[in-house]
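S.K.: Attaching a single structure in structure tokens format; questions to follow.
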Amino acid sequence: MPRSVLAQEIKKRQPFDSVAEEAYLNLLRTHAVLSGHSEVLFKKHGISPPKYNILRILRGASRTGEACKHGLPSLEIAERMITRVPDITRLVDGLESEGFVNRTHCTEDRRVVYVGITTKGLHLLDQLDKPVLELQKSLTSHLTQEELRDLNRLLVKARKISE
């Protein structure tokens, strides 16, 4: 039996222990390949993918009215992240020092810290919107719309771990 494409890519000589193992490793491999392209794009603009994600969350929340005048609580940002990060505070520190966000402590509860996007942060996102969209399209251009819908459906299903 011929080796799978993944087995060839990672030079695996023995068969996978199960189809589940191969599917899981395929997900990891695909993430690594696709995210590498976005990391290059973001690096050109001096930020990381998680920092970009934070800026997008803040812009979206301000556009929809979900954010208060000071922004969103940092814990809310952490819950909305595409990829969970252990230290949202460190990422916000970096964004603040670069002038992309500002922080405000809640007057009623000093443990709550609001993070808001600045004009500079909005400008950076404006610069990235078109290149990010073009990258997403180029990385998926070999898939049909139906295949993309199927992929989305299957990925959502894969995340529903025995609820």
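Read-outs throughout are calculated quantities, based only on the coordinates presented, and are distinct from any laboratory measurement. Remember, predicted model here, so these are calculated numbers, not experimental data. In this analysis, Cβ positions are derived from the backbone assuming ideal geometry, glycine residues included, and neighbour counts consider all displayed protein chains.
S.K.: Bin all alpha-carbon pair distances of the range 47-141 at 10 Å intervals from 0 and give each bin's fraction as a whole percent.
M.R.: Per 10 Å bin, starting at zero, the Cα-Cα P(r) for the range 47-141 comes out as 16, 49, 28, 6, 1 percent.
S.K.: Find the centroid of the Cα atoms in the range 55-106 and in the range 37-53, then give the distance between the two in whole Å.
M.R.: About 16 Å separates the Cα centre of the range 55-106 from the one of the range 37-53.
S.K.: Then there's this: For the range 1-44, just run the numbers: alpha carbon Rg, then divide by 2.2 N^0.38 Å, N being how many residues it has.
M.R.: Here the Cα radius of gyration is 1.43 times the empirical estimate.
S.K.: Would you kindly give the portion of the calculated P(r) for the chain that falls above 20 Å, as a percent of all Cα pairs?
M.R.: 62 percent
S.K.: Kindly rank 9-16, 124-131 from highest to lowest mean number of other beta carbons found within 10 Å of each residue.
M.R.: Taking the mean over residues of other Cβ atoms within 10 Å, the ranking is 124-131, 9-16.
S.K.: Excluding same-chain pairs closer than 8 in sequence, count the lysine pairs in the chain whose Cα atoms lie under 20 Å apart.
M.R.: Within the chain, the lysine pair count is 11.
S.K.: Quick one: Kirkwood hydrodynamic radius for the range 119-163, alpha-carbon pairs, angstrom, one decimal?
M.R.: After inverting the mean inverse Cα-Cα distance, the result is 12.9 Å.
S.K.: Shifting gears a bit: Looking at P131, N102, I88, which one has the Cα that reaches farthest to the positive end of the dipole of the range 68-151 (charges on Cβ: Lys, Arg +1; Asp, Glu -1)?
M.R.: N102
S.K.: With just the Cα atoms of the range 36-88, tell me how far they stretch along each of the three principal axes, in Å, largest first.
M.R.: Computed over the range 36-88, the largest-to-smallest principal extents equal 33, 23, 14 Å.
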